[in-house]
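Report on the structure given below.
Throughout, read-outs are computed from the coordinates displayed, never taken from laboratory work. Please read all numbers here as calculations on a predicted model, not as lab measurements. Virtual Cβ from ideal backbone geometry, glycine too; neighbours counted across all protein chains shown.
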Amino acid sequence: MGWEMTDVPELPEVETVRRSLETLIVDRTIRSVDVHLNRIVRSPTVSEFCARLVGQTVRGVGRRGKYLLIDLDTDVLVSHLRMEGRYGFYSAYDPVETHTHIVFQFDGRTELRYRDVRQFGTMDLLERPALHLLPGLRDLGVEPIEAGFDGRYLMTAFRRRRAPVKAVLLDQTVVAGLGNIYVDEALYRARVHPERRAHTLSAKDAAAIASAVREVISQAIEQGGSSVKSYVNGFGKPGGYQFALQVYGRTGQACAGCGSSIVKGRVAGRGTHVCVHCQRPPRNATISRKSSDVSPRRAGVK
DNA sequence: AATGGCCTCCGGACGC
DNA sequence: TGCGTCCGGAGGCCAT
């Protein structure tokens, strides 16, 4: 696993976790719950969280955007991995790894463990009818790989937004589940510079972005995502999509299309990877050909 | 009122 | 080695 990448679970990685969990925990009954780090549990109180979970059986595992939805008898456990949350399925005798914050014990000496180095992940336990009230989950926009997400939909969102297109694509109320990696990848494939103001984009740009998003996300799902960190040990194979990445993490390397160097800068407060030759910078762009002449900090030479 | 941008949470990685 | 800085998803806050 020497090719483990430092990245954050986005839709494809969460979907990969969902599929793994589905095979591992559906039909299992929770016998006890240990919470070692209270901050992960946002609602209800930690004691109620544990008490209500005990005795419930997992009926299914869903996903909406980057949220995992663990369906129980009467409740739904809503889990967001944020930066580095991950699940693992273990024997109760397996040594407990560092940063293990929550443990769900099942029958037969098996456990689902939640680990999270950054401690940013969250869990909420809600009764099923209250699911649509949870802030964040409640406000999500369309799923990028479902009907309704297309150039026209994006154009409607773009028209009223003056922010950089990257910021709009990262806005979960517009599209659910995109994060830094796949936005950079999709914009590269659509040949749109991330600093373009959304409202200046043409319908053609919006259509190109929509199809690039769909393509990147569906291919990443097929490959099991590109985040090794979010896999479920033993089952979900490590993702393979990192080998398909064209710009993310390739600072200083050659663009596959034109051979010029991939440049890294900052847009919407995020590290942003661009081929300034294939993605024409708008006027006043901070990531432009000029800035690309300044030597990159590190060429990822292998 | 809605929008955009900045700050916060945290600790590992990295630079000096 | 030791210390400071950086990084980021989403929620909170504030200015416009």
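What to note about this one:
- Its DSSP H runs of at least 4 residues, each contributing -39,500 (n - 2.57), put the calculated 222 nm mean residue ellipticity of chain A at -7500 deg cm²/dmol, to the nearest 500.
- FRET E, pair A:Thr29, A:Asp94, Förster distance 22 Å, beta-carbon r, rounded to 0.05: 0.65
- Added length on full extension, which subtracts the Cα-Cα distance from 0.36 nm per residue, A:Arg160 to A:Arg64: 32.1 nm
- Cα gyration tensor shape of segment A:3-133, rounded if a/c is under 1.5, else prolate or oblate by comparing a/b with b/c: rounded
- Among A:Gly62, A:Gly85, A:Gly224: highest mean-square fluctuation, GNM of chain A, C-alpha pairs under 10 Å: A:Gly62
- Per-bin percent of Cα-Cα distances, chain A [10 Å]: 6, 27, 31, 21, 12, 3, 0
- Distance between the 7 Å Cα→Cβ label points at A:His36 and A:Arg109: 2.0 nm.
- Shape class for segment A:151-291, computed from the alpha carbon gyration tensor (a ≥ b ≥ c): oblate, with a/c not under 1.5 and a/b at or below b/c.
- Longest DSSP-loop-exposure-free segment, GluC sites (Glu not before Pro), chain A, at most 16 other Cβ within 10 Å: A:147-302
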